[in-house]
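Shown next, in structure tokens, is the structure this report addresses.
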Amino acid sequence: MKNLNLVFILFLLSSGFAISQEKEQAPTSDLESKIQNPIANLISLPFQNNTDFGIGPDNRTRNTLNIQPVIPLNLNENLNLITRTILPIISQPVGSNDSEFGLGDVSLSMFLTPAKPGKLIYGGGVALGLPTATDSYLGSGKWAAGPSVVLLVQPKGWTIGTIIQNTWSFAGADDRGDVNFFYSQIFAVKNLEKGWYVNSAPIITANWEAESGEQWTIPLGAGFGKLFRLGKLPINAQAGYYVNIEKPQYGPDSQLRAQITLLFPQ
């Protein structure tokens, strides 16, 4: 699985390099800044593949493909609603040899944002967790909801910001544990020449229902990517690697992340 991910990453980036050499007009700086902004007024369809290594006492591997459509809605001349949905397709190790494959719990975030943001770009709203998992190993079995906030700035050539949310269960299967889950992502991106960029976007989580010492997952790592065009369609491809410096006892040691995003500028 690791070799397949590396091949996938090399293919995406080499394709982007080759296509960018054609006579197609280069992507604008406006689009380059929008792809780094999670609440930009931009329709996009990301496919993010996460491979987690070193899970459990047998050091097994979990793979999650997140399909993450982002759809902005113009409510009026002053306000936008940005919807971000995550549909996870999971291959989850079970025990020493078995595994389960299927759909996990769908996540939906909705942010209200100014239609004409200032230097500080912000959005606030609600995050929802839907118990859509096709197997009990792949989801919580609970409905969950909570507040979600995005803050970022984009000084020349940079994007720096964070997403913060916490969800609590309010309904669902009585025989499943409660959900009290903290999620945050800190992201820093530096745009380079010809559509290339380097970034770091660790996802920090905490399961408040777990025992002390088993709650936090804190990764460190970095990646790189490129914005290019396939014909007239802008595409953003990126890859990164993260090592968990804090994790539950049987949580993953590291993660390989690869993503390709189809962009539909309005």
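How about the range 83-159: which strands (runs of 3 or more DSSP E) wholly inside it have at least 1 residues that are of a type in the set (A, V, I, L, M) and open to solvent by less than 30 Å² (accessible area, probe 1.4 Å)?
Details: elements: 98-103, 106-114, 120-130, 142-153.
Where strands (runs of 3 or more DSSP E) fall fully within the range 83-159 and carry at least 1 residues being of a type in the set (A, V, I, L, M) and open to solvent by less than 30 Å² (accessible area, probe 1.4 Å), they are 106-114, 120-130, 142-153.
Of all the criteria given as (1) under 22 Å from TYR183 (Cα atoms); (2) buried (at least 20 other Cβ atoms within 10 Å of the Cβ); (3) of a type outside the set (Gly, Ala, Ser); (4) touching a residue at least 40 places away in the same chain (Cβ under 8 Å), the one not satisfied by TYR250 is (2).
Considering only the range 139-149, I want to know if a residue exists there that is more than 16 Å from the chain's Cα centre (by Cα), polar (S, T, N, Q) and on the phi < 0 side of the Ramachandran plot.
Taking the range 139-149 and keeping what is more than 16 Å from the chain's Cα centre (by Cα), we get 139-147.
Keeping just the survivors that are polar (S, T, N, Q) gives 140.
Now restrict to residues that are on the phi < 0 side of the Ramachandran plot: 140.
Looking through the range 139-149, at least one residue is more than 16 Å from the chain's Cα centre (by Cα), polar (S, T, N, Q) and on the phi < 0 side of the Ramachandran plot.
Does ALA210 satisfy being open to solvent by less than 40 Å² (accessible area, probe 1.4 Å) and not in a strand (DSSP E or B)?
Details: open to solvent by less than 40 Å² (accessible area, probe 1.4 Å): yes; not in a strand (DSSP E or B): yes.
Here the answer is yes, as ALA210 does meet what is asked.
Among the residues here, LEU220 does not qualify as free of Cβ contacts under 8 Å to residues at least 24 places away in the same chain and open to solvent by 60 Å² or more (accessible area, probe 1.4 Å). Taking the range 235-247 only, how many residues are in contact (Cβ under 8 Å) with a residue 24 or more places away in the chain, open to solvent by 50 Å² or more (accessible area, probe 1.4 Å) and within 14 Å of ASN50 (Cα to Cα)? Qualifying residue count, the range 235-247: 1. VAL153 satisfies every condition listed in (1) of a type outside the set (S, T, N, Q); (2) under 24 Å from GLY125 (Cα atoms); (3) free of Cβ contacts under 8 Å to residues at least 24 places away in the same chain except (3). I'd like to know if the range 50-57 contains one or more residues that are more than 17 Å from the chain's Cα centre (by Cα) and either at pLDDT below 95 or under 15 Å from ASN236 (Cβ atoms) (or both). Yes, because at least one residue in the range 50-57 is more than 17 Å from the chain's Cα centre (by Cα) and either at pLDDT below 95 or under 15 Å from ASN236 (Cβ atoms) (or both). With respect to the conditions (1) within 20 Å of PHE111 (Cα to Cα); (2) outside any strand (DSSP E or B), SER184 lacks only one, and its number is (2). I need the full set of residues from the range 217-229 which are more than 23 Å from TYR183 (Cα to Cα) and touching an Asp or Glu at 6+ places or on another chain (Cβ under 9 Å), in order please. Once the filter is applied, which keeps residues that are more than 23 Å from TYR183 (Cα to Cα) and touching an Asp or Glu at 6+ places or on another chain (Cβ under 9 Å), the range 217-229 yields LEU227, PHE228, ARG229.
Pick from ILE163, ILE204: which is open to solvent by less than 60 Å² (accessible area, probe 1.4 Å) and under 17 Å from LYS34 (Cα atoms)?
Every option except ILE163 fails the conditions.
The conditions are (1) touching a residue at least 60 places away in the same chain (Cβ under 8 Å); (2) among the aliphatic types (A, V, I, L, M); (3) closer than 20 Å to ASN66 by Cα, and ALA144 fails exactly one of them. Which is it? It fails just one condition, (1).
The values are calculated or read from the model by the stated rules, or taken from the named source; none is laboratory data. None of the values given here were measured: they were computed from a predicted structure. When we count neighbours, we look across all protein chains shown, and the Cβ atoms used for this are built from the backbone with ideal geometry, even at glycine. Calculation scope for accessible area: heavy atoms of the full protein, side chains included, ligands and nucleic acids excluded. Shrake-Rupley method; radii C 1.70, N 1.55, O 1.52, S 1.80 Å.
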